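A short write-up of the structure that comes next.
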Number of protein chains: 2
Amino acid sequence: MSQESQPEKTQTANFEERLQNSADQIETTLRSLLTDAPRGTEQLRPPKLLAAMQHGVLNGGKRIRPFLIVEVARMLGYDQAGVLRAASALECVHCYSLIHDDLPAMDDDDLRRGKPTVHVAFDEATAILAGDSLLTLAFDILADEATHQKAEVRAALVLGLAQNAGIGGMAGGQSLDIEAEGRDRTEAEIRQMQAMKTGALLRYACEAGAILAEASAKEQAAVTRFGTIIGLAFQLADDLLDVTATSAQLGKTAGKDLQSHKATLVSLNGVDATRETLNSLILEAEETLAPFANKADVLIATARFIANRQH
Amino acid sequence: MSQESQPEKTQTANFEERLQNSADQIETTLRSLLTDAPRGTEQLRPPKLLAAMQHGVLNGGKRIRPFLIVEVARMLGYDQAGVLRAASALECVHCYSLIHDDLPAMDDDDLRRGKPTVHVAFDEATAILAGDSLLTLAFDILADEATHQKAEVRAALVLGLAQNAGIGGMAGGQSLDIEAEGRDRTEAEIRQMQAMKTGALLRYACEAGAILAEASAKEQAAVTRFGTIIGLAFQLADDLLDVTATSAQLGKTAGKDLQSHKATLVSLNGVDATRETLNSLILEAEETLAPFANKADVLIATARFIANRQH
């Protein structure tokens, strides 16, 4: 296809290529962090546990959260090698949450991106420990000098990740989600749960980029707002996909929310209204990053990609 | 009893009183960290998940690891309020590991200190999330300014905890332990597993006290060596207790290692040889802390207490 005749498609193609290049870099960084060589004061990395961690992490994911860290930091003028480490730490936390969420006692999923989940490929005990170890490794990576030379930045990265991943963020959101299964939920309850379960880590991805770049309070606020919008859009798109996509497109069982009578904003408000909300979220994302002018192009494209993704 | 006639018993009584006072302070700090008020950027603390975390943490434990942090820091002249926070963070990690180790997929224990374990009192999903959230909270606490004013110290605390709790430390040790069940183990394998599963966190407790006090490299090395010895003594005493104590004394099922045909250093070397090893470890602990003269009295008493405890 020529650039002249299909500018929009080409822009999308360019974006997806950029996302893929970034995912490749993250994969390389994750691979180097998940070698069998002990780090620092570590004594030994037991092979089976390490293999389970690798299985849960090196899975060809899109690496959206790492991409957000990298691109926010870049927009704010920061482009050091440590950014890839911080981005990989966040991905470790995302992957730990998938491993634990897939467990029989939680969502009981056998497939993830078309591959057996960690407790299926290994065993439950190993899956629990692999999740625990990935969560722990994330903080190891963030606190290491190689991630950022300033200890203030490293401590801020750790604090933000802990608060967004713990009881008041992602883990708390998963708890709310499990608690509400099998009963009706209000829109407010669903919003709260999603803001914690999915939104917190996506917002943190943007915040972390600003922390790494030592951005001003004003920049940090704009970027964090953008992160909140991204989080909302991501979840709405996910809920839409559960209704409209096939299992082959998703690499996991489609229609699972419907089957489990799980209320989502789509089941409450309908597909059309949800698409409208997504469109207005993209406009809001553009307004939020307007002060950064064309430096924000990649992040705006990311918002569009998240809202319109087909898998 | 009078101090004159029973000096040794009185010294022990004084030590146990000091340990109990410290445990009370830790309990108070943990209680304040586990309130329903969100910290920092946290959004909401779901009540059931919070209750499960409280159940797993506020259990009247002896708080040996926190005590080691506090007393090492004190010996090195550091006695700020933040020490109790760092000590509580370490206890959160210890308690998370107990919650996950007790799960049906792991050691499948119903009782812990005479109370139902978290997955029994709540459910498996909540127990998994409570452990995850306690691990995460530990890093939140350590990275917070209230723990230490210097970001370098906070980052060093986080790094040390992560490396000692993760795949190369505690979690890795649990993985090795599970892997070896039902087959013979060599003494070297048992030592490696114990050094990671139990030893790493006890050694870190001592290291963390030195990090908080910003100790010299020489002091740090001595204290870390002491922590390694404490770790060895703790595990040997534990294995001895499994053979010699009753379930009532332990608050959990006694003889579990024997029942599960789990080789320990006691089953390999016998009770008498193990007691001898314990005695020589105490002598080594005393030598290691000799440079600190009588400032080390409490830590020496701790080593004796760990080696001789009856429950």
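The values are calculated or read from the model by the stated rules, or taken from the named source; none is laboratory data. Small disclaimer: the values here were computed from a predicted structure and weren't measured. Neighbour counts run over all protein chains shown; Cβ positions are idealised from the backbone, glycine included.
Taken together, the residues in the range B:161-184 that are within 7 Å of chain A (Cβ to nearest Cβ), surrounded by fewer than 24 Cβ atoms within 10 Å (Cβ to Cβ) and either under 15 Å from A:LEU142 (Cα atoms) or touching a residue at least 24 places away in the same chain (Cβ under 8 Å) (or both) amount to 1.
Scanning the range B:112-132 for residues that are at pLDDT below 95 and in contact with an Asp or Glu (Cβ under 9 Å, 6 or more places away or on another chain) yields a single hit, B:ARG112.
Just give me the residues in the range A:145-159 being within 18 Å of the chain's Cα centre (by Cα) and facing chain B (nearest Cβ under 7 Å), in sequence order.
A:VAL158, A:LEU159 - these are the residues of the range A:145-159 that are within 18 Å of the chain's Cα centre (by Cα) and facing chain B (nearest Cβ under 7 Å).
Would you confirm, using the coordinates I've provided, whether B:PRO66 is farther than 25 Å from B:THR198 by Cα and either out of contact with any Cys (no Cβ under 8 Å at 6 or more places or on another chain) or within 11 Å of chain A (Cβ to nearest Cβ) (or both)? Criteria not met by B:PRO66. Of all residues in the range B:185-200, those that are more than 12 Å from chain A (Cβ to nearest Cβ) and outside any loop (DSSP other than H, G, I, E, B) total 3. Tell me, yes or no, whether the range B:7-15 has at least one residue that is of a type outside the set (S, T, N, Q), modelled with pLDDT under 95, assigned to a helix (DSSP H, G or I) and within 20 Å of the chain's Cα centre (by Cα). Within the range B:7-15, one or more residues are of a type outside the set (S, T, N, Q), modelled with pLDDT under 95, assigned to a helix (DSSP H, G or I) and within 20 Å of the chain's Cα centre (by Cα). Residues of the range B:26-52 that are farther than 20 Å from B:ASP144 by Cα, touching a residue at least 24 places away in the same chain (Cβ under 8 Å) and facing chain A (nearest Cβ under 7 Å): B:LYS48, B:LEU49.
Sub-9 Å Cβ pairs linking a first residue in the range B:280-304 that is at positive phi to a second residue that is assigned to a helix (DSSP H, G or I), at least 6 apart or interchain, number zero.
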